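All of the numbers you see were taken from the coordinates with simple rules; none came from a lab. If you're wondering where the values come from, they're calculated on a predicted model, not measured in any experiment. Quick reminder, even Gly has a Cβ in these numbers, built from the backbone with ideal geometry, and neighbours come from all protein chains shown.
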Amino acid sequence: MSNGALAPVSLGLAAAMAWGAADFTGGMATKRANVYGVVIGGQIVGLVVFLALAYGTGESLPAMGNLALAGLAGICGGFGLILLYRALAGGQMSIAAPVSAVLAAAIAVLVTAFGQGFPDPLVLAGLLLALLAIGMIARGEGGFQPRRLRLEHIRLPILSGVVFGLFFVLLHQASQESLFWPIIATRLASITFLFGFAALTRQQWKPQRALWPMIALCGLLDTTGNGLYVLSGQLGRMDVAAALSSLYPAATVALAWLVLKERIARPQMVGIFSALLAIVLIML
């Protein structure tokens, strides 16, 4: 495989690792702080860092249309987080996480197929296997047990998956000319949206001072994941970037195993091996 073809795959996997580590760090912080404080605080830190990078590198402002698309992506990302957290809080975690993650990646795959055509058969097989792997890794215990699903169990996960899929598509389209400014625009829009939502619902968001280092790390990892996803899409296809980036639950599971000594469930092991095989197929 050529270096030019390897780069998008490597960047997509790096984005998955960054996002997975961000989820792990954010989850640890959320145990001691309001989730809005963790998300808003982390995004503020990411915004400051990327503003410094944009000015430091002298990156030119992209067209206003691209900034607008990035702003819409940020709103989708913030709204998707609210929907997903509400779904997780509703007691259907084993359903919400995989439905949301797989649907988001699937939307990016379908949009790319309509715009650029389907990839080579081996790559397509890898993408489909990656979607299966995302669901198995995110589902965890009970992944092989059939369940009777009701609409109220999957309504919020489906909605969150759709808006996360739109986030993938919009951020990719907004980042054709530049890297830092589109992500800055997503952060500004997302922070504004989350602040407004927290105010309307009277949510306390300001975290304790002692938690800011962990929240800052979460924000840096999350924003870095966005940048790596953008670079992966710029150098390759959006479907490959989105599918590989969406393997982030594997990094979260691995960190929980290493740091918290949590057990890796059998479906998650199957998902991890499926993900490795998917990566091999995509790289061929």
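Here is how the numbers come out for the structure above:
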| quantity | calculated |
| --- | --- |
| FRET efficiency, residue 192 to residue 60 (Cβ-Cβ, R0 35 Å, nearest 0.05) | 0.90 |
| Pairwise FRET efficiency - residue 52 versus residue 203, Cβ, R0 = 22 Å, nearest 0.05 | 0.15 |
| Spin-label pair residue 113/residue 176, simplified geometry with 7 Å Cα→Cβ offset, distance in nm | 2.3 nm |
| Fluctuation leader among 42, 225, 58 - the chain, Gaussian network, Cα springs under 10 angstrom | 58 |
| Net charge, residue 212 excluded, C-beta distance under 13 Å - Lys, Arg +1, Asp, Glu -1 | +3 |
| Surface/4 of the Cα convex hull for the stretch 3-283, nm² | 14.9 nm² |
| The stretch 206-284: Rg to Rh, with Rh as the Kirkwood radius over Cα pairs | 1.06 |
| Relative packing of peptides 252-264, 207-219 - highest average C-beta neighbours within 10 Å first | 207-219, 252-264 |
| Between the stretch 45-74 and the stretch 201-274, the Cα center-to-center distance that results, in Å | 22 Å |
